[in-house]
Amino acid sequence: MRFTKGGGLYVAATLLLGVSAVNTGNNLLFLIVAAMLSFMATTGVLGWLNIRGLALSVHLPDEVYAGTETFLSVTLANSKKFLPSFLIRVTVSGRATTFLMVEKGRAQSGSLLLSFPLRGPLQTLPASVSSPFPVNFFVRAAAVTVFQSCTVFPAPRGGMVPPPGGKPDAGEAASVAASGYDGELAKISDYRGGEPLKLIHWRLSAKHEVLKVKELTATAAEPLLLDLDLIPGRDLEQRLSFCTFLVNRLIKGGRPVGLKLGERVIPPATTRAHRLRLLTELAGYGKD
């Protein structure tokens with residue numbers, strides 16, 4: 001619990017009147033101090049009950065990049081109380097969102113922008129639930145550890161992109177339709193965290209609780225094997241960032257891409273699952 005500015009003044013006034021009542025022996029002052037203490041206790045109990053019984057869960061998109069803000073979905077459920085909760089502030093990793101009312105037996109959803117500074121696996125997120133209810137004198141808060149299994153990919157940093165170079169030779173993987181940036185509209189899907197803003201379907205997103213994005217088609221090109229040791233960069237993190245950019249740019253453009261990490265080789269492909277596998281390998285490289 002912490003005091004707001006108004007709460008600090010209220011406590012100071014209560015203490016001042018209490019000291020005056022003891023020094024003067026005035027019964028009226030004693031009654032006023034008792035009423036003020038009762039009000040403080042009542043609001044404290046109501047504030048404590050207001051944040052009890054709330055279940056917090058979060059959901060990150062499939063694609064989260066280090067140093068890049070992405071939308072985090074926050075769900076707050078009130079399933080253990082008979083009364084609704086009011087003015088609930090949820091803070092996750094320093095970013096906050098507010099729920100005006102969480103009704104009994106129902107869940108409320110919100111979103112906030114979050115950024116992670118380092119690549120690699122993520123298991124937990126620091127969070128807290130707080131509220132100034134019923135009066136803005138005291139803020140009750142409870143720390144919560146949110147378990148969210150996620151992999152933070154290296155921050156993509158652009159550079160020169162290898163040219164397509166034509167179609168695959170006989171015996172290689174056949175060309176397939178893949179997501180791109182400039183093709184025809186293939187379908188509408190949920191926002192996953194890696195799509196550029198120009199692909200967000202704002203009109204359709206306004207009708208749903210989650211953002212919707214347009215997936216465009218693109219034609220496949222010659223397969224390419226990216227060797228991390230040959231990627232330009234002054235250090236490992238810069239090479240990983242450039243390699244992440246190349247994987248996203250080329251596969252989304254329809255080109256089959258593989259990856260060579262030391263002696264390990266991952267054959268080229270164009271599917272989204274393959275792209276996420278390559279990004280996961282880059283995210284965990286050198287972390288062991």
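The values are calculated or read from the model by the stated rules, or taken from the named source; none is laboratory data. Just so it is clear, the structure is predicted and the values come from calculations on it, not from any experiment. Neighbour counts run over all protein chains shown; Cβ positions are idealised from the backbone, glycine included.
Taking segment 31-60, which residues are part of a strand (DSSP E or B) and surrounded by 17 or more Cβ atoms within 10 Å (Cβ to Cβ)? Before you say what the answer is, go through the steps one by one.
Of the residues in segment 31-60, the ones part of a strand (DSSP E or B) are 54-59.
Matches in segment 31-60: Leu54, Leu56, Val58.
If you check Glu63 against the conditions, is it crowded, with 19+ Cβ neighbours inside 10 Å and under 20 Å from Val146 (Cβ atoms)? Yes, satisfied.
Okay, residues lined up against (1) assigned to a loop (DSSP other than H, G, I, E, B); (2) over 19 Å from Leu60 (Cα atoms); (3) in contact with a strand residue (DSSP E or B) (Cβ under 9 Å, 6 or more places away or on another chain); (4) not assigned by TED's automatic domain parsing to the domain that holds Val45:
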position: Ser73; (1), (2), (3), (4): no, no, yes, no
position: Leu87; (1), (2), (3), (4): no, yes, yes, no
position: Thr98; (1), (2), (3), (4): no, no, yes, no
position: Gln108; (1), (2), (3), (4): no, no, yes, no
position: Leu112; (1), (2), (3), (4): no, no, yes, no
position: Leu118; (1), (2), (3), (4): yes, no, yes, no
position: Leu125; (1), (2), (3), (4): no, no, yes, no
position: Ser130; (1), (2), (3), (4): no, yes, yes, no
position: Arg140; (1), (2), (3), (4): no, yes, yes, no
